[in-house]
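Student: Mind having a look at this structure? Questions to follow.
The values are calculated or read from the model by the stated rules, or taken from the named source; none is laboratory data. Here the structure is a predicted model, which is why all the values come from computation and not from measurement. Cβ sites come from the backbone with ideal geometry, for glycine too, and all protein chains shown count toward neighbours. Areas reflect the complete protein model, heavy atoms only, side chains present, ligands, DNA and RNA absent. Shrake-Rupley method; radii C 1.70, N 1.55, O 1.52, S 1.80 Å.
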Amino acid sequence: MSKIFLKIFIGFLIVIVTLTTLLILLTYYTVREQYLDNLTNHLKNLNYSIKNIIETKVDSQDYQELDNYIKKLGREIHARITVILPDGLVVADAEKDPAEMENHRTRTEIAQAINNGFGTSLRFSNTIKEDMLYVALPILKDGNIIAVSRVSMHTKDIDILYSRLRNRIISSSIILSLITLIGVFFFSLSFTKPIKSLAEASRKISAGDFDTKILLKRSDELRELADSFNDMTIKLSSSFKEIREQKEELSSLLSGLQEGFVVIDKHGKIILSNKSFNILFDKENLIGTDYWSVLQDAKVAKLIKQLKSQYRSITKEIQIADGFYICSGSYIEAKDEIILILYNITEMKKLELVKKDFISNASHELRTPLTSIKGYVETLQMEIDERHKPYLNVIEKNTDRIIRIIEDLTILSELEEKKQELEFQEVNLIELSKNILKIFDQSVSTKGLNLQSNFSENLPLIKADPFKLEQLLINLIDNAIKYTNEGTIQLNITDKVGVGSQPSPSVKNKSDNKIIIEVKDSGIGIPKDQQERIFERFYTVDKSRSKKLGGTGLGLSIVKHIVQLHNGEIKVESELGKGTRFVVSLPIA
Ligand code: ADP
């Protein structure tokens, strides 16, 4: 039996039982009252009918005859009649000897009849020892009460009548209630059955059975509810199908992905990883594993920390066993989860190494024959006649250029391979710069340029490799002179933001414990779209101009490497035709 059915049924049962009980009580008391009223009237009428005879007999004080008459009448009409004088003396009674009866003056009905002209009382009679209904009327003669006639009846008969009446009311009420309850039973059943089917269907749907349908043969709100429910099931089913398909698609996409893919929750546990990622660690399943137990490179922990604080995608190169990987991470703020994608760059790294080795070996191998060619050219220059000298000059110029390129390439490959250990020592940048500036005195005056320097007072010593810093300054100042036709070239060195010049924001932020080197010119400038590329190897904005000026396209690559080896940063700002500004920031310690 369902709970809702019991609730409805018991609710109705309580209402029906209460109403029936009230109805029985009300009917019972109303009928009883009505019956007593009728009986009282009947006894009143009897009183009236014997009024004249009693008046005559009392008037003539013929009490014995009155008593006889009353006894005879009482037997005939099955009622007890009593005649009482106004002082309470009983002179006639249908059932007892009046002489043996006590004074009736104080009896309720007698007192009422004398005082009010009519008296009635329902009480236990001490004389008869039964419940009786008494009705009394005064008998008047010339306006004076000469006696009171009282007719009474046993209520025993009334009670028998009452109990018969009560039984009939109760039995008919019970039958009526039972019929109603049967009706309520079927009503509750018809109401709870569809609700039960709805509940059952919901349970099936929550267990994933979307084929469940509810069919109701009715046309009320419950039918509407069932129809809506069926519609909802169809929509839910198709949404689930779509989600399942998407999930399957995503999972096959992820498992087919060459790159390792992993999702890490806020506690650092792996909650999703694809096949490629698992293969990396030779594991079938990594779900529930702490990420740091597999991704042991300290850079990963640092990357995760950064991701959570910076809310942007970050990429780092990491090492797993003997392999090299680009680890790209994103942070999902809503779920406090991290997604990492690992691209295997081991092959690329190997190729790069081969390339670097080749450049390094080729430069090394070319250096000796080139030096020898240059030596022979110089010797020949003294021997050869004037006619052929221009040819030899071309050979010399190109040999010089190849030598410069070879030298730059050697420096670059050494920097890239970190072959050459940096020699860090306390460097006085002002001293170092002043010596460098002297090198350019000649070229500056030849071009008619103005070379200015501006150094902050009390500039702290910097921990750096002095020879590399010389290389850096030479390259930047040499470029400034090369690509400036008129105006000024400035070298500013400060331990804070330079006077009249603002380093880029990222440099400025960290300027407190940094040295800022600024090389500024009023030269030809660099187009905006090429400013990022000038640090690439062999990249030149204008090849023929660079070649003519003796450039190799490797100077800024060397500069960038030196900056990186010192954990610094380099930025360029430039405007075509107005000039260029290179800002290098280097940590003091
Ligand atoms: P290069 O040996 O050709 O100067 P770099 O690597 O030193 O090679 O510079 C790369 C390119 O950047 C140059 O070819 C030039 O186009 C541009 N460049 C570098 N410095 C400046 C500058 N101060 N003013 C204008 N262009 C510059």
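Student: Just a yes or no: is a residue in the stretch 333-347 under 30 Å from ILE264 (Cβ atoms), open to solvent by 50 Å² or more (accessible area, probe 1.4 Å) and assigned to a helix (DSSP H, G or I)?
Tutor: Going residue by residue through the stretch 333-347, those that are under 30 Å from ILE264 (Cβ atoms) are 333-347.
Now restrict to residues that are open to solvent by 50 Å² or more (accessible area, probe 1.4 Å): 333-335, 343-344, 347.
Remaining after also requiring assigned to a helix (DSSP H, G or I): 347.
Within the stretch 333-347 (the criterion being under 30 Å from ILE264 (Cβ atoms), open to solvent by 50 Å² or more (accessible area, probe 1.4 Å) and assigned to a helix (DSSP H, G or I)), the answer is yes, since at least one residue qualifies.
Student: Within the stretch 95-122, count every residue that is of a type in the set (Lys, Arg) and out of contact with any Asp or Glu (no Cβ under 7 Å at 6 or more places or on another chain).
Tutor: Result for the stretch 95-122: 2.
Quick grid of which residues meet (1) assigned to a loop (DSSP other than H, G, I, E, B); (2) touching a strand residue (DSSP E or B) at 6+ places or on another chain (Cβ under 6 Å); (3) on the phi > 0 side of the Ramachandran plot:
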| residue | (1), (2), (3) |
| --- | --- |
| TYR35 | no, no, no |
| ASN52 | no, no, no |
| THR106 | yes, no, no |
| GLU109 | no, yes, no |
| ALA113 | no, yes, no |
| LEU122 | no, yes, no |
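Student: Mind listing just one residue for me: the one in the stretch 124-138 that is out of contact with any strand residue (DSSP E or B) (no Cβ under 7 Å at 6 or more places or on another chain) and exposed (fewer than 14 other Cβ atoms within 10 Å of the Cβ) and, of those, modelled with the lowest pLDDT?
Tutor: First, pick out the residues of the stretch 124-138 that are out of contact with any strand residue (DSSP E or B) (no Cβ under 7 Å at 6 or more places or on another chain): 126-129.
Now narrow it down to the ones that are exposed (fewer than 14 other Cβ atoms within 10 Å of the Cβ): 126, 128-129.
Working: ASN126: 77, ILE128: 71, LYS129: 79.
Step by step, filter the stretch 124-138, then rank; the result is ILE128.
Student: When you go through ILE524, ILE481, ILE474 one by one, which is the residue that is under 22 Å from ILE562 (Cβ atoms), open to solvent by 40 Å² or more (accessible area, probe 1.4 Å) and modelled with pLDDT of 95 or more?
Tutor: Values: ILE524 fails: under 22 Å from ILE562 (Cβ atoms); ILE481 fails: open to solvent by 40 Å² or more (accessible area, probe 1.4 Å).
Matching residue, one of ILE524, ILE481, ILE474: ILE474.
Student: GLY551: of a type outside the set (S, T, N, Q) and either open to solvent by 30 Å² or more (accessible area, probe 1.4 Å) or modelled with pLDDT of 90 or more (or both), yes or no?
Tutor: The answer is no for GLY551.
Student: Report, by residue number, each residue of the stretch 199-239 that is outside any helix (DSSP H, G or I) and closer than 30 Å to PHE9 by Cβ.
Tutor: First, pick out the residues of the stretch 199-239 that are outside any helix (DSSP H, G or I): 207-220.
ALA207, THR212, LYS213, ILE214, LEU215, LEU216, LYS217, ARG218, SER219, ASP220, listed by residue number.
Student: Could we say that ARG150 is in contact with a helix residue (DSSP H, G or I) (Cβ under 9 Å, 6 or more places away or on another chain) and free of Cβ contacts under 8 Å to residues at least 60 places away in the same chain here?
Tutor: Working: in contact with a helix residue (DSSP H, G or I) (Cβ under 9 Å, 6 or more places away or on another chain): yes; free of Cβ contacts under 8 Å to residues at least 60 places away in the same chain: no.
The answer is no for ARG150.
Student: Condition check: polar (S, T, N, Q) and either surrounded by 15 or more Cβ atoms within 10 Å (Cβ to Cβ) or touching a residue at least 40 places away in the same chain (Cβ under 8 Å) (or both). Does SER276 satisfy that? Can you show your working first?
Tutor: Details: polar (S, T, N, Q): yes; either surrounded by 15 or more Cβ atoms within 10 Å (Cβ to Cβ) or touching a residue at least 40 places away in the same chain (Cβ under 8 Å) (or both): yes.
Here the answer is yes, as SER276 does meet what is asked.
Student: I've got another one for you. Output the number of the condition that LYS389 fails; it satisfies all remaining conditions of (1) assigned to a helix (DSSP H, G or I); (2) under 30 Å from ASP290 (Cβ atoms).
Tutor: It fails just one condition, (2).
Student: Still on this structure, I have one more. Please work out which residue is surrounded by the most Cβ atoms within 10 Å (Cβ to Cβ), limiting yourself to the stretch 447-471 and to residues that are in a loop (DSSP other than H, G, I, E, B) and of a type outside the set (A, V, I, L, M, F, W, C). Please lay out each step first, then the result.
Tutor: Our first condition is that a residue be in a loop (DSSP other than H, G, I, E, B); within the stretch 447-471, this holds for 448-449, 456-461, 465.
Keeping just the survivors that are of a type outside the set (A, V, I, L, M, F, W, C) gives 448, 456-458, 460, 465.
On the way: GLY448: 9, SER456: 17, GLU457: 7, ASN458: 6, PRO460: 14, ASP465: 19.
Looking at residues that are in a loop (DSSP other than H, G, I, E, B) and of a type outside the set (A, V, I, L, M, F, W, C), I get ASP465.
Student: Test LEU189 against the stated conditions and say whether it is over 36 Å from the mean Cα position of the chain (by Cα) and at pLDDT below 80. Working first, answer last.
Tutor: Values: over 36 Å from the mean Cα position of the chain (by Cα): yes; at pLDDT below 80: no.
When the stated conditions are applied, LEU189 does not pass them.
Student: Give me the residue from the stretch 554-589 that is more than 11 Å from the ligand (Cβ to nearest atom) and without any contact (Cβ under 8 Å) to a residue 60 or more places away in the chain and, out of that set, surrounded by the fewest Cβ atoms within 10 Å (Cβ to Cβ).
Tutor: ASN567
Student: Tally up the residues in the stretch 139-198 that are in a strand (DSSP E or B) and open to solvent by less than 60 Å² (accessible area, probe 1.4 Å), please. First the steps, then the outcome.
Tutor: So the first thing to find is which residues in the stretch 139-198 are in a strand (DSSP E or B), and the list is 139-141, 144-154.
Still in the list and also open to solvent by less than 60 Å² (accessible area, probe 1.4 Å): 139, 145-154.
Residues in the stretch 139-198 being in a strand (DSSP E or B) and open to solvent by less than 60 Å² (accessible area, probe 1.4 Å): 11 in total.
Student: Right, another one. If you scan the stretch 38-76, which residues turn out to be open to solvent by less than 50 Å² (accessible area, probe 1.4 Å) and of a type in the set (Lys, Arg)? Quick ask: steps written out before the conclusion?
Tutor: Residues of the stretch 38-76 open to solvent by less than 50 Å² (accessible area, probe 1.4 Å): 39-40, 43, 46-47, 50, 54-55, 57-58, 66-67, 70-71, 73-74.
LYS57, LYS71, listed by residue number.
Student: For the stretch 428-445, enumerate the residues that are assigned to a loop (DSSP other than H, G, I, E, B) and closer than 24 Å to LYS463 by Cα. Outline the logic, then answer.
Tutor: Within the stretch 428-445, the subset assigned to a loop (DSSP other than H, G, I, E, B) is 428, 440.
ASN428 - this is the single residue of the stretch 428-445 that is assigned to a loop (DSSP other than H, G, I, E, B) and closer than 24 Å to LYS463 by Cα.
Student: Looking at LEU286, LEU307, which one is open to solvent by less than 20 Å² (accessible area, probe 1.4 Å) and part of a loop (DSSP other than H, G, I, E, B)? Please lay out each step first, then the result.
Tutor: Working: LEU307 fails: part of a loop (DSSP other than H, G, I, E, B).
Going through LEU286, LEU307 in turn, the sole match is LEU286.
Student: Taking the conditions exactly as written (free of Cβ contacts under 8 Å to residues at least 24 places away in the same chain and either open to solvent by 60 Å² or more (accessible area, probe 1.4 Å) or farther than 30 Å from LYS196 by Cα (or both)), does TYR325 satisfy them or not?
Tutor: In short, no.
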